[in-house]
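S.K.: To start, I am sharing the structure in question, which I have written as structure tokens.
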Amino acid sequence: MREFTYVRAAEVGQAVATVSADPEACYLAGGTTQLDLMKDGVLEPGRLVDITRLPLRGVRLDGDTLRVGALTTMEELAADPYVSARAPFVREALLLGASVQLRNMATIGGNLLQRTRCRYFRDPTVPDCNKRRRGTGCAAVTGAARMHAILGASEHCIASHASDLAVPLVALDAIVRVRGSAGERTIPLTDFYLLPEATPDVEHMLGQGELITAVDVPLPPEGTRSGYLKVRDRMSYEFALTSAAVTLLLDGGLIREARVALGGVGTVPWRAREAEEILRGAPAGPAAFREAAERAVRDPFTMPGTAFKVELAKRTLTRALRTVAGVAS
Ligand code: SF4
């Protein structure tokens, strides 16, 4: 592992100034992914700025929006009573996303910025990875691809986004609050992640030194049901093959409002707006659910190893909709 200098930041402005001024510096929070990647030689920062003592921790309700401090742990957010009462699928995604040990360390800001689990990205002895070094190629396209993406993917990169939490947060139109050397700004989470296209190494909208300070989560209207379904190779310690985050507001047998996002299949947490359009105003039943699923997985980019995900993603979404609506199969 490369040697680095370590600094503990005393306040937000100091942390932002330090990392903004040094292209080799990065923030350290829970460290649950970052330290692994440093030990494996995938990340080689020259300076770590520890932000764990900054006052960016806690959850508070402001009207119908939850403001979640970036250093709030996954476990703390999962235990929040407003999350359980108004958006239980956020809690489900958190609990399915990591063991309790990891949830007690990992922060919400870090979770949203976690790196892909693509095995080639995480192995620096593999030379061809456009995400590690632009222009080197993509080993997954010709290698073993199973956990990879089928939506938003191309021959440049098929790495899937690993966060479970980001899937319901995309469905809820969460807003990322950011502080940088030029001041503060907000970014809708649906715009925050960038499709890999020809630059898979550029994953999100943050510039050097910009720090996520909080995430605003608009809570759905009272009476909205929600659910997060995660399909994986084993029941714990495993990332999603496919997942679906769904909210439904029902009016009798009709769907008044719907939110849909998919995980495990997109290079970014995948908001399925076409599926939502199908569902709005439709009777809550198998026909609308299957049509929504067909729309949600349009124009997939598949490899032999990932082609199974097309039907699996559709079935995952259909089942999640059935479960949330309380409709028998
Ligand atoms: Fe690298 Fe992306 Fe290809 Fe994986 S899928 S090897 S991260 S370029």
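The values are calculated or read from the model by the stated rules, or taken from the named source; none is laboratory data. Computed from a predicted model, the values in this text were never measured in an experiment. Neighbour counts run over all protein chains shown; Cβ positions are idealised from the backbone, glycine included. For accessibility, only protein heavy atoms count, side chains too; no ligands or nucleic acids. Shrake-Rupley method; radii C 1.70, N 1.55, O 1.52, S 1.80 Å.
S.K.: Would you mind calculating the relative contact order of the range 201-327 from Cα pairs under 8 angstrom and at least 6 residues apart, reporting the percent as a whole number?
M.R.: 23
S.K.: Per-residue HN-Hα couplings for the range 300-307, Karplus 6.51 cos²θ - 1.76 cosθ + 1.60 at θ = phi - 60°, whole Hz, x for Gly and Pro?
M.R.: Working through the residues one at a time gives x, 10, 10, 10, x, x, 10, 4 Hz.
S.K.: Leaving out same-chain residues fewer than 8 places away, which lysines sit with a Cα under 27 Å from that of Lys39?
M.R.: Lys131
S.K.: Could I ask something else about it? Hey, which aspartates and glutamates would be in cross-link range of Lys309, C-alpha to C-alpha under 20 Å, not counting anything within fewer than 8 residues on its own chain?
M.R.: The reachable aspartates and glutamates, counting only those whose Cα sits under 20 Å from Lys309, are Glu155, Asp164, Asp233, Glu238, Glu274, Glu291, Glu294, Asp299.
S.K.: Any chance you could give the angle, 0 to 90 degrees and rounded to 10, that helix 88-97 forms with the longest Cα principal axis of the chain?
M.R.: Its long axis makes an angle of about 50 degrees.
S.K.: Need the list of lysines near Lys314 for cross-linking: C-alpha distance under 21 angstrom, and skip anything on the same chain fewer than eight residues off.
M.R.: Lys230
S.K.: Could you derive backbone 3J(HN,Hα) for the range 163-168 from the dihedral phi with the Karplus parameters 6.51, -1.76 and 1.60 (θ = phi - 60°), listing whole Hz in sequence and x where the residue is Gly or Pro?
M.R.: Karplus values, whole Hz, x for Gly and Pro: 6, 6, 4, 4, 5, x.
S.K.: Right, something else. Quick check: at a probe of 1.4 Å, how many percent of the accessible area of the chain sits on carbon and sulfur atoms?
M.R.: Percent of accessible area from carbon and sulfur atoms in the chain: 51.
S.K.: So, one more: Using a Förster radius of 41 Å, what is the FRET efficiency between Ala182 and Ala328 based on their Cβ-Cβ separation? Nearest 0.05, please.
M.R.: Calculated transfer efficiency: 0.15.
S.K.: At 7 Å along Cα-to-Cβ for each site, give me the label-to-label distance between Leu61 and Leu35 in nm.
M.R.: 3.6
S.K.: Would you mind working out the magnitude of the charge dipole of the range 195-241 relative to its Cα centre, with +1 at each Lys and Arg C-beta and -1 at each Asp and Glu C-beta, to the nearest 20 Debye?
M.R.: It works out to roughly 380 debye.
S.K.: Expressed in nm to one decimal, what extension gain is obtained for the pair Arg134 and Phe4 from 0.36 nm per residue of sequence separation less their Cα-Cα distance?
M.R.: Using 0.36 nm per residue and subtracting the Cα-Cα distance, I get 44.4 nm.
S.K.: Still on this structure, please answer the following. Considering only C-alpha atoms, what is the centroid distance from the range 221-250 to the range 56-103, in Å?
M.R.: Distance between centres, Cα-based: 15 Å.
S.K.: Run through the DSSP bridge list for the chain and note the antiparallel percent, rounded to the nearest 5. Each step should come with its number before you reach the end.
M.R.: Values: 43 of 52 bridges.
For the chain, the DSSP antiparallel bridge percentage is about 85.
S.K.: Relative to the longest principal axis of the chain, what angle (0 to 90°, nearest 10) does the C-alpha long axis of helix 308-325 take?
M.R.: The helix 308-325 is inclined about 60 degrees to the chain.
S.K.: Normalised by the number of residues in the range 98-222, what is the relative contact order in percent for Cα pairs under 8 Å and 6+ residues apart?
M.R.: 24
S.K.: Show the residues, 5+ positions off or on another chain, whose built amide H is closer than 5 Å to the amide H of Ile255.
M.R.: Gly281, Ala282, Ala284
S.K.: For labels at Arg273 and Val202 in the simple 7 Å Cα→Cβ model, what's the distance in nm?
M.R.: Label-label distance for Arg273 and Val202, simple model: 2.2 nm.
S.K.: Can you find, among Leu206, Ser99, Cys157, the residue sitting farthest towards the positive end of the charge dipole of the range 85-236, where Lys and Arg contribute +1 and Asp and Glu -1 at Cβ?
M.R.: Farthest along the dipole direction, towards plus: Ser99.
S.K.: Right, here's the next one. So what are the ³J(HN,Hα) numbers for the range 218-225, from phi and the Karplus equation (6.51, -1.76, 1.60; θ = phi - 60°), rounded to whole Hz, Gly and Pro as x?
M.R.: x, 7, x, x, 3, x, 6, 9
S.K.: Taking the highest mean first, how do the peptides 59-69, 144-154 order by number of other beta carbon atoms within 10 angstrom per residue?
M.R.: 144-154, 59-69
S.K.: What angle, in degrees between 0 and 90 and rounded to the nearest 10, separates the Cα long axis of helix 286-296 from the longest principal axis of the Cα atoms of the chain?
M.R.: 30
S.K.: If you roll a 1.4 Å probe over the heavy atoms of the protein chains, what accessible area per residue do you get for the chain, in Å²?
M.R.: Details: 14510 Å² over 329 residues.
Accessible surface, normalised per residue, equals 44 Å².
S.K.: Note down the relative contact order for the range 1-51 as a percent, whole number, built from C-alpha pairs under 8 angstrom at least six residues apart.
M.R.: That works out to 58 percent.
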